[in-house]
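Reviewing the structure listed below.
Here, each number is a calculation from the coordinates, and none is a lab measurement. As the structure is a computational prediction, the values presented were derived from the model and not from experiment. Glycine also receives a Cβ, built like all others from the backbone with ideal geometry; neighbour counts cover every protein chain displayed.
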Amino acid sequence: MTKQMVTAVILAGGQGQRMGGKDKGWVEFRDKPMISHVLQQVKPQVSGIIINANRSFERYQSLGYPVIEDSASGFHGPLMGMLTGLRHASSDWILFVPCDTPLLPTDLADRLYQAVRKNNADLAVAHDGERLQPVIALLHKSLLPSLEAWLEEGKRKIDRWFMQHKMVVVPFDDGESVFMNLNTPEELKEVEAGYCVV
Ligand SMILES: Nc1nc2c(ncn2[C@@H]2O[C@H](COP(=O)(O)OP(=O)(O)OP(=O)(O)O)[C@@H](O)[C@H]2O)c(=O)[nH]1
Ligand SMILES: [Mg+2]
């Protein structure tokens, strides 16, 4: 039921500065690009997938999904990726996930969707028990005009924009690792080393 109503937009449009400027979607984790891990986790949960990127277009296109570039150039942050996703997706609900979280839960869309329905909310945001994960969120398409206005005013703070709407925070007690976010070569090395030992 949930699946038919949700499109996933994978946010891969960042600069990856902490990763030495690398395109994080293509950085390998456990012998596979991180974008492939994200696709593997998310694909069974949704009816469609869109990749939001600002470089490596052909490479992303080779994965077989539409690739969309930020509506405005200049790396305005993840909200610009969300705006772009909301403009392109045709479903009522859009699930946003980053390209650098390879272990996402397989019931992510379902749990966020149940939460918006139950609370009559316009958006649901994941929480890992310690902190909000603002780029892991389910947004209703009707939020587009508000986000357009917000960005036009030059505002960029994601949680501030969320707070203006009917938002539900969804706790995931699956352990921290489901939202494990790899931002630096050191983090990647540490996790890979741990994985080898196990
Ligand atoms: N579309 C889009 N996505 C972005 C932008 N900036 C960050 N993101 C995405 O937002 C998510 C969280 O961002 P970070 O993990 O900080 O990624 P990043 O900005 O590439 O990395 P740093 O440059 O090291 O901060 C990732 O999925 C990024 O791809 C942007 O300007 N446009
Ligand atoms: Mg990150």
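For this structure, a couple of remarks:
- Unit charges on C-beta of K, R, D, E only; dipole of the chain, Debye: 420
- Relative contact order computed over the chain (Cα-Cα under 8 Å; 6+ residues apart), in percent: 25
- Going by neighbour counts of Cβ atoms within 10 Å, the residues Glu130, Glu192 line up, fewest first, as Glu130, Glu192.
- For the set Lys22/Lys166; Lys24/Lys166; Lys32/Lys166; Lys3/Lys155; Lys32/Lys155; Lys24/Lys189, the pairs lying more than 26 angstrom apart at their alpha carbons are Lys22/Lys166; Lys24/Lys166; Lys32/Lys166; Lys3/Lys155; Lys32/Lys155.
- Pairwise FRET efficiency - Ala193 versus Ala72, Cβ, R0 = 35 Å, nearest 0.05: 0.35
- On full extension, the segment bounded by His88 and Gln15 gains 24.1 nm, given 0.36 nm per residue less the C-alpha separation.
- About its Cα centre, the dipole of the range 1-92 is roughly 200 debye, where the only charges are +1 on Lys and Arg Cβ and -1 on Asp and Glu Cβ.
- Across the alpha-carbon set of the chain, the Rg to Rh ratio works out to 0.94, Rh being the Kirkwood radius.
- The coefficient of translational diffusion for the range 1-88, derived via Stokes-Einstein from the alpha carbon Kirkwood radius under 25 °C and 0.890 mPa s, stands at 183 µm²/s.
- Over the range 74-118, the reciprocal of the mean inverse Cα-Cα separation, the Kirkwood hydrodynamic radius, stands at 12.3 Å.
- In this rough spin-label picture, where each label sits 7 Å from Cα along the Cβ direction, the Arg55-Glu153 distance is 3.3 nm.
- Its residue count N sets the reference 2.2 N^0.38 Å, and the alpha-carbon radius of gyration of the range 44-116 equals 1.14 times that reference.
- Met180 paired with Lys141, simple spin-label distance in nm, labels 7 Å along Cα-to-beta-carbon: 3.6
- Taking every DSSP bridge with both residues inside the chain, close to 35 percent are antiparallel.
- In summary, the aspartates and glutamates within cross-link reach of Lys141, defined as a Cα separation below 14 angstrom excluding same-chain residues under 8 places away, comprise Asp92, Asp122.
- One chain, two ends: Ser62 and Met163. Fully extended at 0.36 nm per residue, the span grows by 32.7 nm beyond their Cα-Cα distance.
- Spatial separation of Cα centroids for the range 122-138 and the range 60-88, in angstrom: 20
- For a modelled paramagnetic label at Asn120, 7 Å from Cα along Cα-to-Cβ, no residue of the range 92-113 is in reach, as no backbone nitrogen comes under 13 Å.
- Across the alpha-carbon set of the range 143-198, the Rg to Rh ratio works out to 1.20, Rh being the Kirkwood radius.
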